[in-house]
Amino acid sequence: MAFKNYIFDIDGTLLDTYSVAYKAKEKVLKEYNIPFDKKMFDLGFASTSEKSLELLGVDLNTPLGQEILKEESVYYNEFSKDIKVFDGAIEVIKYLKDNHAGLAIVTARNKDEVYTEPKLAELLPYFDYVITVSDVKNPKPDKESLEVLFKLSNWEKDESIFIGDSDNDSKCAKSFGIKFGLAGWGAVDEVTNDYCFESLKDLKKLT
């Protein structure tokens, strides 16, 4: 089945940020003597920074929680030099664009985190739409991000596929009613999917 429109998550799909997020959260929790639970980290990796820290036991409704959130951001930036664009990402995104595909990003990052990320600079110009948590009240796994995107784009659901690495992405796609392709190159857990891709280059087979 060929698709006309391709929607991508960022972390774990276009960018390899797992180790950076891991080190930042591990370091900040150690600093505040909070146990680091890898299983809970993996569960929250696809979520916002706030949700991820909450899953790790940080109460963001306290001054201490807000302090930890700010420190985590500092450490993330400290380690961010290790962020990598996944192999084939630029090639495949350019290929899709050259073949007149509609391209969008739906991410758990906020707008600043997207547009200040140096590793996205070469990719972003190819995308027609970028939907962040700054654009919605209910981020993934809620379907609101896709509702906002499709209202802007007027795309057809049966011509569109969402590519992501997490259960949040899968649930978002399913609840909205579009196909979901698992980014096998970045996924850390088994996720329900319609397609499972071993590499970004596999997406060329759908055009």
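Coordinate-derived values only; no laboratory data. Predicted model, so just to flag it, every value in this text is computed and none were measured. Glycine gets a Cβ as well: all are built from the backbone with ideal geometry, and neighbour counts include every protein chain shown.
Name, by its number, the condition in (1) in contact with an Asp or Glu (Cβ under 9 Å, 6 or more places away or on another chain); (2) part of a helix (DSSP H, G or I); (3) aliphatic (A, V, I, L, M) that does not hold for Met40. So the condition that Met40 fails would be (1).
Note on region 74-92: residues that are in a helix (DSSP H, G or I) and of a type in the set (Val, Ile, Thr) total 3. In region 133-189, the qualifying residues are those that are among the basic types (Lys, Arg) and closer than 29 Å to Met40 by Cβ, and the one that is surrounded by the fewest Cβ atoms within 10 Å (Cβ to Cβ) is Lys137. Selection of region 10-63 for residues being closer than 25 Å to Gly181 by Cβ and of a type in the set (Asp, Glu) yields Asp11, Asp16, Asp42. Determine whether region 48-70 contains at least one residue that is in contact with a strand residue (DSSP E or B) (Cβ under 7 Å, 6 or more places away or on another chain) and either among the β-branched types (Val, Ile, Thr) or under 29 Å from Phe197 (Cβ atoms) (or both). Within region 48-70, not a single residue is in contact with a strand residue (DSSP E or B) (Cβ under 7 Å, 6 or more places away or on another chain) and either among the β-branched types (Val, Ile, Thr) or under 29 Å from Phe197 (Cβ atoms) (or both). For region 52-61, the candidate set comprises residues that are in contact (Cβ under 8 Å) with a residue 24 or more places away in the chain and part of a helix (DSSP H, G or I); within that set, the residue that is surrounded by the most Cβ atoms within 10 Å (Cβ to Cβ) is Leu53. Filtering Leu152, Leu123 for residues that are aliphatic (A, V, I, L, M) and touching a residue at least 60 places away in the same chain (Cβ under 8 Å) leaves a single hit, Leu123.
Among the criteria (1) touching a residue at least 40 places away in the same chain (Cβ under 8 Å); (2) part of a helix (DSSP H, G or I), the one Leu64 does not fulfil is (1).
Screening region 134-155 for residues that are of a type in the set (A, V, I, L, M) and closer than 24 Å to Ile90 by Cα and picking the one that is farthest from the chain's Cα centre (by Cα) gives Leu149.
Taken together, the residues in region 88-126 that are surrounded by 20 or more Cβ atoms within 10 Å (Cβ to Cβ) and of a type in the set (Asp, Glu) amount to 1.
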